[in-house]
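Note sheet for the following structure.
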Amino acid sequence: MSGIGHVEVDRTDGAVDGRLQRGRASREAILDGAARVIRADGIDALTHRSVAAAAGVPLARVSYHFATVQDLTVAGARRFLERFDERLTELAESGRAGERPIVQACGQFMVELLTEGRDDFVTALQVRLALHRRGLVVEDDRMLVLIRSFGADDAVAAAIFSALFGFATLVATGSEPVDPAQVHDYVRLVLESMIAGSRAVGSGAAARPAGSGGS
């Protein structure tokens, strides 16, 4: 038809977007493969070849996204910790969703962490130490947020987390089998003591007249 010029469609942008999407998908597959290697064999087993096999991608593709083993180790370690923390959050939230008291919910959470989740927890400790040796720290406050959701203030939530994390580390790295009753007893002791202490401090501060000294 006369008067209508030929319109050329530029498909360059679509091709670029497609390559970017494939690149992102490839990188995600590599990171998930790295997390699987860490979970199965530990962080020292991370190599370009082992990750390529776990991810089901060519070796050259792993090298393209992560030029050095150091780059691959840091990225893979972070991905493992992300996945581990997601599982912890799901486990803790299941207790929260059941509207159980904090003592019961945390007790069950700790038992599951130290039984079927024990190997992953120990691996997570090793990964954090490996990152620390490289001058890197992974910050994650999701567990603190969950503890605060039961009504604990920031200071009490941090104290509870520290006490339970230390206890879990000692039990998980020890040689004795996990005793669920002992875990529940420890969690109850920690939580009840800290919550009661927090209330006592709060009531004492409220009862003290403004401007009065501590003596």
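The table that follows gives values for the structure above.
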| read-out | value |
| --- | --- |
| Hey, Val137 modelled with pLDDT of 90 or more, surrounded by fewer than 19 Cβ atoms within 10 Å (Cβ to Cβ) and under 14 Å from the mean Cα position of the chain (by Cα) or not | no |
| Search result, residues across the range 41-52 that are in contact (Cβ under 8 Å) with a residue 12 or more places away in the chain and aliphatic (A, V, I, L, M) | Ile43, Leu46, Val51, Ala52 |
| Top-ranked residue of the range 140-187 - restricted to ones that are touching a Ser or Thr at 6+ places or on another chain (Cβ under 6 Å) and aliphatic (A, V, I, L, M), ranked as modelled with the highest pLDDT | Val178 |
| Residue among Arg11, Arg49, Arg24, Arg19 that is modelled with pLDDT of 95 or more and over 20 Å from Thr123 (Cβ atoms) | Arg49 |
| Number of the exception - Glu116 against (1) within 18 Å of Leu81 (Cα to Cα); (2) among the acidic types (Asp, Glu); (3) modelled with pLDDT of 90 or more | (3) |
| Residue match in the range 61-83 (condition: more than 24 Å from Ala25 (Cβ to Cβ) and either surrounded by 14 or more Cβ atoms within 10 Å (Cβ to Cβ) or in contact with a His (Cβ under 7 Å, 6 or more places away or on another chain) (or both)) | no |
| Residues of the range 54-80 classified as closer than 21 Å to Asp119 by Cβ and without any contact (Cβ under 8 Å) to a residue 40 or more places away in the chain, total | 1 |
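The values are calculated or read from the model by the stated rules, or taken from the named source; none is laboratory data. Here the structure is a predicted model, which means the values were calculated and not measured. So basically every Cβ, Gly included, is an ideal-geometry build from the backbone, and we count neighbours across all protein chains shown.
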